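The values are calculated or read from the model by the stated rules, or taken from the named source; none is laboratory data. None of these values were measured; they are calculated from a predicted model. Backbone-built Cβ (ideal geometry, glycine too); neighbour counts: all protein chains shown.
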Amino acid sequence: MYREVSQLLLYSNLGEDSILRQLSGIFSDWAHGECEKPVLVSRIYQQVKRLLDLATRYGFNCNLWHDYLTFVLMMNENSFSLTCERVGASDGSVNHFAKADFAVFKRLFDFDFAPIEQDLGIDCFTVLENYTAIPKKAQMYYRTVSEKVRALSAAIAGAKDENEIFDLVTAHYRDCGVGMFGLNRAFRIQEDENGSFTLNAINNIDSVLLSDLIGYEPQKKELRQNTEAFVSGHAANNVLLYGDAGTGKSTSVKAILNEYADRGLRMIEIYKHQFGLLSQVIAKIKNRNYRFMIFIDDLSFEEHEVEYKFLKAVIEGGVETRPSNVLIVATSNRRHLVQETWKDRDDMEHNGDIHRSDTMEEKLSLAARFGCAICYVSPNRQQYHDIVKGIAARLPDGLTLTEDELLQAANRWEIRHGGISGRTAQQFINYIAGLQT
């Protein structure tokens, strides 16, 4: 194995701590007799455990060795894979090196573990190649990643040579992308102590679609039109979904992500205290072949908060304009995002700010930077009833209540639980359905 791994060129950036690199070192020590057998077994088991942990996280099954090698190919961001992501496979000398690397992966796919297993008295690799995973709920692993990895893994296993693998892998790069953006659709920002950050994939994403949101047809239409223009490479506006609480603003954003993820739409969720990282985040994603929504949920600022200036600077753009593949999408319960006081309206009442009307204008101008502002208002009584009936109709086992009983109970529920809204309707149905179980 160590001889094979040493021949990698484009895909040599595995990382010294990667499972493949560690196993390669172990096999080298075994081949040269440089380590006692019990120590070798312990080192192998450490890497097998890491592979099992990875398989659990991403839902690998059947042949974990093949799935792992495929995962390496899908995640490896190098000059070749990133170019294929942007323009697909093209004629060029680099293809010679790519095919040589794919020939290495073909040999790794067909690697014979029997000699080392027999010598060390272990069978872990045989088990990994004939693995039966414990069934898990979709929320417990990255299901979409699992599906992509296992499909490509099976195709590569059936390829006769590096030329077929070249076609399979480059097609994946072109259609799905490379790295974490190719395998996941939503991310959150994780800061570290040094002021830098990483983007962590979000596993358990609500599978909601816009059709699941009852009513609000004009709002859904406007959001879909703007998103369609965005993913098609046309001009699109930053989006502000504002209005009453519980009306489906955040749900609409999740739904639009699900509906357009297959066309390259991705979402990065950011919180208010992270706005100082916005420029760094955009710099990381601006050259990738995806369309990114920077999603800010429940956006608003109190009078003393100044983080809105970071957001405003990104939206307006300084010397560098906002990349065409980045869109700011925010939800808020109020139209004016920055709290305004009466003092802001009076230039004569100043405490260190000579022109308070300018301060007011600066605060109000943030909302104006969202060219697509969509208002969500609470439903009226009839619309509330329609939502309740619509959600109830989706229950697989239905409800034992008559329609009149259902609506009367829904009216009593909303009085005690914050008033009429889509969220109140959903919570009511959850409660009623729970009573029937």
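Restricting segment 1-20 to residues that are of a type in the set (Gly, Ala, Ser) and in a loop (DSSP other than H, G, I, E, B), the residue that is surrounded by the fewest Cβ atoms within 10 Å (Cβ to Cβ) is GLY15. Among residues of segment 121-146 being surrounded by fewer than 12 Cβ atoms within 10 Å (Cβ to Cβ) and either part of a helix (DSSP H, G or I) or among the β-branched types (Val, Ile, Thr) (or both), the one that is modelled with the highest pLDDT is THR132.
Evaluation of PHE230 against the conditions (1) on the phi > 0 side of the Ramachandran plot; (2) crowded, with 17+ Cβ neighbours inside 10 Å shows that the sole unmet condition is (1). Being charged (D, E, K, R) and part of a loop (DSSP other than H, G, I, E, B) holds for only one residue in GLU259, GLU193, and it is GLU193.
For TYR173, are the conditions met, namely being among the aromatic types (Phe, Trp, Tyr), under 23 Å from the mean Cα position of the chain (by Cα) and under 24 Å from PHE60 (Cα atoms)? Judged against the criteria, TYR173 is a match. Only a single item in (1) surrounded by fewer than 17 Cβ atoms within 10 Å (Cβ to Cβ); (2) assigned to a helix (DSSP H, G or I) is not met by LYS254, and it is number (1). When you scan segment 416-426, do you find a residue that is more than 35 Å from the chain's Cα centre (by Cα) and farther than 22 Å from LYS249 by Cα, even just one? Among the residues of segment 416-426, at least one is more than 35 Å from the chain's Cα centre (by Cα) and farther than 22 Å from LYS249 by Cα, which makes the answer yes. Quick one: would you say THR70 is in a helix (DSSP H, G or I), in the same structural domain as ALA171 (by TED's automatic domain parsing) and crowded, with 20+ Cβ neighbours inside 10 Å? So THR70 passes the test. For segment 35-58, the set of residues classified as among the basic types (Lys, Arg) and modelled with pLDDT under 95 consists of LYS37, ARG57, listed by residue number.
Among residues of segment 415-428 being more than 16 Å from ALA392 (Cα to Cα) and not basic (Lys, Arg), the one that is surrounded by the most Cβ atoms within 10 Å (Cβ to Cβ) is ILE420.
The set of residues from segment 209-226 being hydrophobic (A, V, I, L, M, F, W, C), crowded, with 18+ Cβ neighbours inside 10 Å and closer than 22 Å to TYR290 by Cα comprises LEU210, LEU223. Among the residues of segment 270-294, those that are charged (D, E, K, R) and crowded, with 18+ Cβ neighbours inside 10 Å comprise ARG288, ARG291. Does at least one position in segment 80-89 carry a residue that is modelled with pLDDT of 95 or more, among the charged types (D, E, K, R) and buried (at least 17 other Cβ atoms within 10 Å of the Cβ)? Taking every residue of segment 80-89 in turn, none turns out to be modelled with pLDDT of 95 or more, among the charged types (D, E, K, R) and buried (at least 17 other Cβ atoms within 10 Å of the Cβ).
Go through (1) exposed (fewer than 13 other Cβ atoms within 10 Å of the Cβ); (2) modelled with pLDDT under 55 and name the single condition ARG394 misses. It is condition (2) that ARG394 fails.
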